[in-house]
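Input: a single structure, listed below in structure tokens.
No value in this document is a laboratory result; all are computed from the given coordinates. What you see is a predicted model; the values in this text were computed from it and never measured. Here the Cβ positions follow ideal geometry from the backbone for every residue, glycine too, while neighbour counts run over all protein chains shown.
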Amino acid sequence: MAAEGINSKVIHNYTQLGIAYGFVDDVGGGTAHGVLADTSVDMDNFLFGVSGGYFWGKDDLEFWGVGAGVGYVVRLLRNHVNIIPQFSMGYDKAEFGDAHDSVTTIQPGISLSYAINNRLSLGGHYTYVRALDNNEEDAHVFGPGLRIAVAENIGIDLGANFTNEGQAFTSAFAGVSFHF
């Protein structure tokens, strides 16, 4: 008996709007908390997305970022497995008291997601981050993710990021996504 295909409005459906709480570790010697938002549109497996976030920490630490990207969904095994090569660009600005810094990055990467059923998917991602306008070292960012369909078009999203730079754990998020 063959496994049923994935046809959920939430699981492996990338036309969505999401908002999340984010936590960033080891920023300016401390931690930061913030809000993230993203939206994407799936047009015949081509993905187009934009995202943004704002974080704050101790001692007047604030930073924000925006990004945009494209990708392509390769759907395998009746949509149970999705592989998404992608390319993004981002701009981030940090302020710490009177000091500030900004960076523009390119971010090629790949995501892999396995849908256990129409209610739950597990995934992971890898992204190479290259700064274009300063001497910051390149970074390799990777991490796990989880999406749970809690209603016909609403999902709960959880994830974490790790890097090869310094302390391995860098950030985590928990959010809600609305799918169309």
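Within the range 16-43, being within 11 Å of residue 54 (Cα to Cα) and hydroxyl-bearing (Ser, Thr, Tyr) holds for one residue alone: 21. Of 31, 39, all but one fail to be without any contact (Cβ under 8 Å) to a residue 24 or more places away in the chain and of a type in the set (Ser, Thr, Tyr); the exception is 39.
Selection of first residues in the range 157-180 that are touching a residue at least 60 places away in the same chain (Cβ under 8 Å) and more than 22 Å from residue 139 (Cβ to Cβ) and of second residues that are assigned to a loop (DSSP other than H, G, I, E, B) and of a type in the set (A, V, I, L, M, F, W, C), restricted to Cβ pairs under 6 Å at least 6 apart or on distinct chains, gives the following pairs, ordered by first then second residue: 179/10.
When the range 11-48 is limited to residues that are over 15 Å from residue 73 (Cα atoms) and not in a strand (DSSP E or B), the one that is farthest from the chain's Cα centre (by Cα) turns out to be 29.
Among the residues making up the range 95-119, those that are over 30 Å from residue 152 (Cα atoms) and not in a strand (DSSP E or B) are 97, 98. Tell me whether the range 98-118 contains one or more residues that are of a type in the set (Gly, Ala, Ser), in contact with a Leu (Cβ under 9 Å, 6 or more places away or on another chain) and surrounded by fewer than 17 Cβ atoms within 10 Å (Cβ to Cβ). The answer is no; no qualifying residue exists. Checking each residue in the range 57-94 for being part of a strand (DSSP E or B) and more than 23 Å from residue 19 (Cβ to Cβ) picks out 72, 74, 75, 76, 81, 83, 85, 87.
One residue stands out in the range 128-141 among those that are in contact (Cβ under 8 Å) with a residue 24 or more places away in the chain and part of a strand (DSSP E or B): the one that is surrounded by the most Cβ atoms within 10 Å (Cβ to Cβ), namely 129. When 42, 25 are checked against the criterion of being surrounded by 14 or more Cβ atoms within 10 Å (Cβ to Cβ), more than 21 Å from residue 115 (Cα to Cα) and among the charged types (D, E, K, R), 25 stands alone in meeting it.
Here residue 122 does not qualify as farther than 20 Å from residue 163 by Cα, part of a strand (DSSP E or B) and in contact (Cβ under 8 Å) with a residue 12 or more places away in the chain.
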